[in-house]
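Reviewing the structure listed below.
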Amino acid sequence: MKLSTLHTANILGYNNHQKLLEELCCDRYNVNCLARSCHTCLNKNPKYKEFDNRNVIKYKMWISERQQIQDFKTKKPRLVTKCLKKTFEVHPRQLITQLQKDLDKFFEHQRNIVHQYKAIKDLKSNLHCDEVLIHVDFSENYCTKYSEEIQAFHFGGSRAQLSLHTVVVYLQNSILSFCTVSENITHSPAAILTHLRPVFRALPCNIKRVHFLSDKLCFL
């Protein structure tokens, strides 16, 4: 959003992170460039246009905010955390300073993405006949629906939910896809293991090593 705001204020010539990487890196997919260890692009910075710092520009930002609400069931007040998009008024130099501070974390994030993609690609390409890579992820929870419903069904807890767990299995010479469905909508390690049991039974009997790929920090 900082890039978009500076672009709207005619201070930057682009409004997305891809263009930012192209301007600051020799190669946006090169780990050395993203690590800021490349001598050619090490000291490159965004090319800001001239601006009048007396002007005020509006800047939108996502923030987490604690708010008090009335509990629907207990009718008592309680605190919840809400993610909100708020609008702030800042001077151009303030926003540029914030963007410059964010660049280190941004480059680190992009470097991790490139490194992870390469590591996963190499693993898939070099699997042995007794190895398998299992990519697991929960889909969103889905609400069930009848083809015809009475009005009262729309309120309260009448509508059931289902959890979908998707799996892609990479073998040396083939790929298998699975999707399991459960009325249990928890995404706990125990639930994941239960979803994976039919996948384990479908694996070839010669498999000795299993690699897991997931966006969860610890799922088993």
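Identify, by number, the condition in (1) farther than 19 Å from R36 by Cα; (2) touching a His at 6+ places or on another chain (Cβ under 9 Å) that F106 doesn't meet.
Checking F106 against (1) farther than 19 Å from R36 by Cα; (2) touching a His at 6+ places or on another chain (Cβ under 9 Å), the one that fails is (1).
Within the range 193-209, does at least one residue satisfy the condition of being modelled with pLDDT under 90 and either among the aromatic types (F, W, Y) or closer than 30 Å to F72 by Cα (or both)?
no
Between residues in the range 15-30 that are in the same structural domain as Q110 (by TED's automatic domain parsing) and among the charged types (D, E, K, R) and residues that are surrounded by 14 or more Cβ atoms within 10 Å (Cβ to Cβ) and assigned to a helix (DSSP H, G or I), which pairs lie under 6 Å by C-beta distance while being six or more apart or on different chains?
As it stands, the answer is D27/C33; R28/L21, since those pairs meet every condition given.
Given (1) surrounded by fewer than 10 Cβ atoms within 10 Å (Cβ to Cβ); (2) aromatic (F, W, Y); (3) in contact (Cβ under 8 Å) with a residue 40 or more places away in the chain, where does F72 come up short, assuming only one miss?
Among (1) surrounded by fewer than 10 Cβ atoms within 10 Å (Cβ to Cβ); (2) aromatic (F, W, Y); (3) in contact (Cβ under 8 Å) with a residue 40 or more places away in the chain, F72 violates only (3).
Tell me which of these E23 doesn't satisfy, since it passes every other one: (1) surrounded by 13 or more Cβ atoms within 10 Å (Cβ to Cβ); (2) charged (D, E, K, R); (3) in contact with a helix residue (DSSP H, G or I) (Cβ under 8 Å, 6 or more places away or on another chain).
If we test E23 against (1) surrounded by 13 or more Cβ atoms within 10 Å (Cβ to Cβ); (2) charged (D, E, K, R); (3) in contact with a helix residue (DSSP H, G or I) (Cβ under 8 Å, 6 or more places away or on another chain), just (3) comes out false.
What number of residues within the range 186-220 satisfy the criterion of being surrounded by fewer than 14 Cβ atoms within 10 Å (Cβ to Cβ) and part of a helix (DSSP H, G or I)?
8
Out of the residues in the range 176-190 that are touching a strand residue (DSSP E or B) at 6+ places or on another chain (Cβ under 7 Å) and of a type in the set (G, A, S), which is modelled with the highest pLDDT?
Filtering the range 176-190 for residues that are touching a strand residue (DSSP E or B) at 6+ places or on another chain (Cβ under 7 Å) and of a type in the set (G, A, S), the one modelled with the highest pLDDT comes out as S177.
Could you look through the range 45-68, keep only residues that are hydroxyl-bearing (S, T, Y) and modelled with pLDDT under 90, and pick out the one that is farthest from T97 (Cα to Cα)?
S64
What is the one condition in (1) surrounded by fewer than 10 Cβ atoms within 10 Å (Cβ to Cβ); (2) not in a helix (DSSP H, G or I) that K105 does not satisfy?
(2)
Can we say V136 is modelled with pLDDT of 90 or more, touching a Ser or Thr at 6+ places or on another chain (Cβ under 6 Å), surrounded by 14 or more Cβ atoms within 10 Å (Cβ to Cβ) and closer than 30 Å to R28 by Cβ?
no
Looking only at the range 43-55, which residues are surrounded by 13 or more Cβ atoms within 10 Å (Cβ to Cβ) and free of Cβ contacts under 8 Å to residues at least 40 places away in the same chain?
K44
Those residues that are exposed (fewer than 12 other Cβ atoms within 10 Å of the Cβ) and closer than 14 Å to Y170 by Cβ, I need them from the range 110-128; list them, please.
Residues satisfying the conditions are A119, K121, D122, S125, N126, H128.
The values are calculated or read from the model by the stated rules, or taken from the named source; none is laboratory data. Note that the structure is predicted; figures quoted are calculated from it, not measured. Methodologically, a virtual Cβ is constructed for each residue, glycine included, from the backbone with ideal geometry; neighbour enumeration extends over all protein chains shown.
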